[in-house]
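Working notes for the structure below.
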Amino acid sequence: ARLDGSELVLSQQRFAYGDTDDPTLFVVPVHLLVDGQESKVLLDGADLRVPLPSADSTVVVNAGGHGYYRVAYDATLRSRLLGPALATLTVLDRYNLVDDAWNEVVAGRLAAAEYLAFVEGIGADREYAVWQAIAIGLRGVGRLVDGDALEPFRARVAALVGPALADLGWRPAAGEGDLTAKLRGLLVGVLAVLGNDADAQQRCRDLVV
């Protein structure tokens, strides 16, 4: 999905983890969320142009997760889904944004640095499912980073995860839900391992003892 003036351009390509010259085209019903309004279009060729209300429109492709396909946004469209717009999206749409972006990295279509910058814009999210997707991507990026880049990566992970964990607290609150407890455990693990945070590591040791 890319922006061309005040038009959304949708194009399709067979997804693969690597290069592919498979020319297969599908008839694809596409659910869109444009400036908060739902609509449906049919992508039945290599590409399709969809007029937008303005050149500044915010667009979610595969809104509601109905389609069995991944979405690759251009940098402009992706950036518009951060900030205030993010809070208006469903948990499923936010999950799909992160999951699709990470799979772009695995497929060699998005730089890991761009992925990391993108998920840093989603750090205010407090949903377990969204953080599951973020954690999978961070672990993957962690396997790609070494040498001089390792410590800056750890620092960025700690800066991303730390505020979310601080909001939840290290101790369960009375009456909190199961997903909140799972989110806490996930954040602690990411902070201690990927963030290499000494305080988190010590707290984990104390809990085990």
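At a glance:
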quantity	calculated
Theoretical ellipticity at 222 nm over the chain - DSSP helices of four or more residues, -39500 (n - 2.57) apiece, nearest 500	-13500 deg cm²/dmol
Solvent-accessible area per residue for the stretch 1-126 (1.4 angstrom probe, square angstrom)	53 Å²
About the Cα centre, charge dipole magnitude for the stretch 50-209 (Lys/Arg +1, Asp/Glu -1 at Cβ), debye	240 debye
The stretch 72-209, accessible surface, carbon-and-sulfur percent (1.4 angstrom probe)	57 percent
Mean separation of Cα contacts under 8 Å, 6 or more apart, over the residue count of the stretch 47-149: relative contact order %	25 percent
Unit charges on C-beta of K, R, D, E only; dipole of the stretch 1-94, Debye	260 debye
Translational diffusion of the chain, µm² s⁻¹ [Kirkwood Rh, Cα pairs; Stokes-Einstein; 37 °C; 0.692 mPa s]	176 µm²/s
Peptides 161-169, 102-110 ordered by average Cβ neighbours within 10 Å, highest first	102-110, 161-169
The stretch 18-142: radius of gyration over Cα atoms, expressed as a fraction of 2.2 N^0.38 Å	1.06
The stretch 144-209 - accessible surface per residue (Å², probe 1.4 Å)	60 Å²
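The values are calculated or read from the model by the stated rules, or taken from the named source; none is laboratory data. Note that the structure is predicted; figures quoted are calculated from it, not measured. Glycine also receives a Cβ, built like all others from the backbone with ideal geometry; neighbour counts cover every protein chain displayed. Just so you know, the surface numbers come from the protein's heavy atoms only, side chains and all, with ligands and any DNA or RNA stripped out. Shrake-Rupley method; radii C 1.70, N 1.55, O 1.52, S 1.80 Å.
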